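The next block holds one structure in the form of structure tokens; read it before the comments.
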Amino acid sequence: MAWQWQAKAQEDKADAAKIEKVAVGLLARREHSTFELQRKLSQRGFDSLVIDDVISRLAEQGWQSDARYAEAYVRMRVELGYGRESIRAELGRRGVARAVIQTALDEADVDWLACAKRQIHRHYHAAPDGHDDQLRRYRHLLSRGFTPEQSRIASGHWREAEGM
């Protein structure tokens, strides 16, 4: 009976080594949240208890960090023209804690109105043509996670003189 426990322990160690190798490979490509790593490793058929142990160890060693993941994710989504609320919701769906999300958004130091204006210029290549066009731009910004105030200001904004 004892040999079965020893065999199980040996198997868990071997699984842990395999899991760690796969996890480090994933983390080498890009940052992952704890939730994403758990999901990806579970999909590969690894035991969830061993996965949790490995991810905890990787976090202790500095290989995995939800805070670092959130910071990188915020930077990426801002560059793609998304607003604060959209980014907050996406990070929440990716399993990042609310406090970590809030810290990442606060530390990002983003001018959200300027970001909304950039998105309008990137998506629309001409000044708004009437009220319906301005309303379409407003809804576009809302759908990307900007506040109603930011969307209202940016949807009517156009700087032809500055070449944007």
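The values are calculated or read from the model by the stated rules, or taken from the named source; none is laboratory data. Quick caveat: nothing in here was measured; it's all calculated off a predicted structure. Positions of Cβ are backbone-derived with ideal geometry, glycine not excepted, and every protein chain shown enters the neighbour counts.
Kindly evaluate H121 against the criterion of being in a helix (DSSP H, G or I), out of contact with any helix residue (DSSP H, G or I) (no Cβ under 7 Å at 6 or more places or on another chain) and assigned by TED's automatic domain parsing to the domain that holds R139. So H121 passes the test.
Results for (1) of a type in the set (V, I, T); (2) assigned to a helix (DSSP H, G or I); (3) crowded, with 20+ Cβ neighbours inside 10 Å; (4) not assigned by TED's automatic domain parsing to the domain that holds A16, shown as yes or no for each residue.
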| residue | (1), (2), (3), (4) |
| --- | --- |
| D52 | no, yes, no, no |
| R57 | no, yes, no, no |
| A72 | no, yes, no, yes |
| M76 | no, yes, no, yes |
| G81 | no, no, yes, yes |
| A89 | no, yes, no, yes |
| T103 | yes, yes, no, yes |
| A127 | no, no, no, yes |
| L141 | no, yes, yes, yes |
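Per the conditions (1) modelled with pLDDT under 95; (2) among the β-branched types (V, I, T); (3) not in a helix (DSSP H, G or I), the sole criterion not satisfied by V110 is (1).
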